[in-house]
Amino acid sequence: MKSFFKFAVAAILVLATFAPSFAVSESAVLFLLISPGARPAGMGEAFVGLADDATAVYYNPAGLAFQRGHEVTLMHSNWLPQFGNDLFIDFLAYRHHLEGIGTLGFNVTYLNLGEQFHTLEDSPEPVGTFISYEFAVAATYGMQLSENWGVGIGLRYIYSNLAPYGAGSEQGDGRASAFAFDLATLYKFPFAPRLSVGLNLSNMGPKITYIDAAQADPLPTNLKVGFAYKLINDKYNKLTFVGDMNKMMVNRHKDGTSDAFYEAIFSSPWVIEMPKTVRAGQDTTYEKLFNGILSGGAEYWYSDMFALRAGYYWDEPGKVTFISLGAGIQYHLYRFDFSYVSADEGHPLANTMRFSLTIGF
């Protein structure tokens with residue numbers, strides 16, 4: 001009987017890829033949590049409160065409501081190069097404004113996990129190879145409810161192809177598909193026009209099934225809130241600060257069951273751990289209440305031609321922090337962005353680079 005050794009390896013590789021960002025997650029298709037776009041990545045992946053370009057289709061579809069014209073963004077990144085040179089992620093986004101209707105957005109995310117070896121149950125010798133990959137295709141829509149308030153929605157089709165074979169006598173194989181949707185909003189304060197706040201609840205939907213319904217895995221439903229403040233906004237100089245908070249809306253229990261996203265909201269409050277003294281004069285313990293990610297950064301533009309970016313990423317569940325740096329250059333309709341992750345040696349995302357090309361028309 002055929003074994004499925006490489007299926008397990010591929011699955012572990014996927015989880016290992018995203019463990020730095022959401023180490024406590026027990027969800028499937030975690031590639032949906034990879035932040036696209038070199039521009040947001042340079043600001044610590046904080047963008048939900050700004051969302052002013054085509055990557056809003058991922059970070060906050062409501063940001064499309066305030067955008068006009070058309071724009072396309074392409075991103076490529078060699079992902080975790082220490083695990084192989086055939087691991088990469090590509091992202092394509094497009095926005096299209098319809099006067100009097102709103103702004104539509106489309107995006108495709110593709111993660112290539114490389115070539116895997118297929119072995120038999122009774123031998124470790126490879127008898128064949130296959131390619132593991134995952135992708136998602138999404139359509140989004142944003143509209144203004146008022147001059148300062150925008151809302152957005154998104155619908156996403158997800159396909160995961162970890163392996164074309166089954167595991168022993170189990171039903172199914174390493175392939176699965178699912179649908180998910182996003183709900184988002186963005187508000188610009190009329191009394192403080194330089195300040196905006198956003199919220200995006202993404203990847204909501206039924207569980208994804210590889211083997212059978214009893215072993216289905218939840219989607220990586222994620223709640224993100226954030227702000228953007230334009231400290232300087234004149235003709236030649238622009239300086240913007242951004243900050244985000246992320247919280248996974250999925251909790252896996254010891255008995256193997258998982259909370260729905262609305263239950264998870266109340267199971268882990270958004271509070272940073274606070275000291276709690278057990279007894280006066282004795283040891284102090286810590287009651288961990290915050291179970292999410294904080295990130296923030298800044299972007300400086302000179303004369304709408306050159307940009308510099310920096311950010312900081314703090315992952316409480318995964319005990320991971322890193323600094324991100326970025327730069328951009330714009331000429332006429334074209335913008336090229338670059339970002340770099342500076343992390344401790346041995347960190348899976350250390351030295352990760354993202355490259356993006358954006359064309360507006």
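The values are calculated or read from the model by the stated rules, or taken from the named source; none is laboratory data. Everything numeric here is computed off the predicted structure, so don't read it as measured data. Glycine gets a Cβ as well: all are built from the backbone with ideal geometry, and neighbour counts include every protein chain shown.
Looking at region 63-120, which of its residues are in a strand (DSSP E or B) and free of Cβ contacts under 8 Å to residues at least 40 places away in the same chain?
Phe88, Asp90, Leu92, His96, His97, Leu98, Val108, Tyr110, Asn112, Gly114, Glu115
Can you pull out the strands (runs of 3 or more DSSP E) entirely within region 289-333 that have at least 2 residues that are among the hydroxyl-bearing types (Ser, Thr, Tyr) and surrounded by fewer than 18 Cβ atoms within 10 Å (Cβ to Cβ)? Steps first, please.
Details: elements: 293-302, 306-315, 320-331.
By residue number, 293-302, 320-331.
How many of the residues in region 4-50 are of a type outside the set (A, V, I, L, M), part of a loop (DSSP other than H, G, I, E, B) and modelled with pLDDT of 50 or more?
Kept after step one, since they are of a type outside the set (A, V, I, L, M), are these residues of region 4-50: 4-7, 17-18, 20-22, 25-27, 31, 35-37, 39-40, 42, 44-45, 47, 49.
Keeping just the survivors that are part of a loop (DSSP other than H, G, I, E, B) gives 4, 20-22, 25-27, 35-37, 44-45, 47, 49.
If we keep only those that are modelled with pLDDT of 50 or more too, we end up with 26-27, 35-37, 44-45, 47, 49.
Adding up the residues that qualify gives 9.
Could you look through region 229-266, keep only residues that are hydroxyl-bearing (Ser, Thr, Tyr) and in a loop (DSSP other than H, G, I, E, B), and pick out the one that is modelled with the highest pLDDT?
So the residue we want is Tyr236.
Just name the residue that is nearest to Lys224 (Cα to Cα) out of those in region 164-193 that are at pLDDT 95 or above and charged (D, E, K, R).
The extreme case among them is Asp182.
With Phe91, Phe66 as the choices, which residue is at pLDDT 95 or above, farther than 19 Å from Ala41 by Cα and not hydroxyl-bearing (Ser, Thr, Tyr)?
Unique residue meeting the criteria: Phe66.
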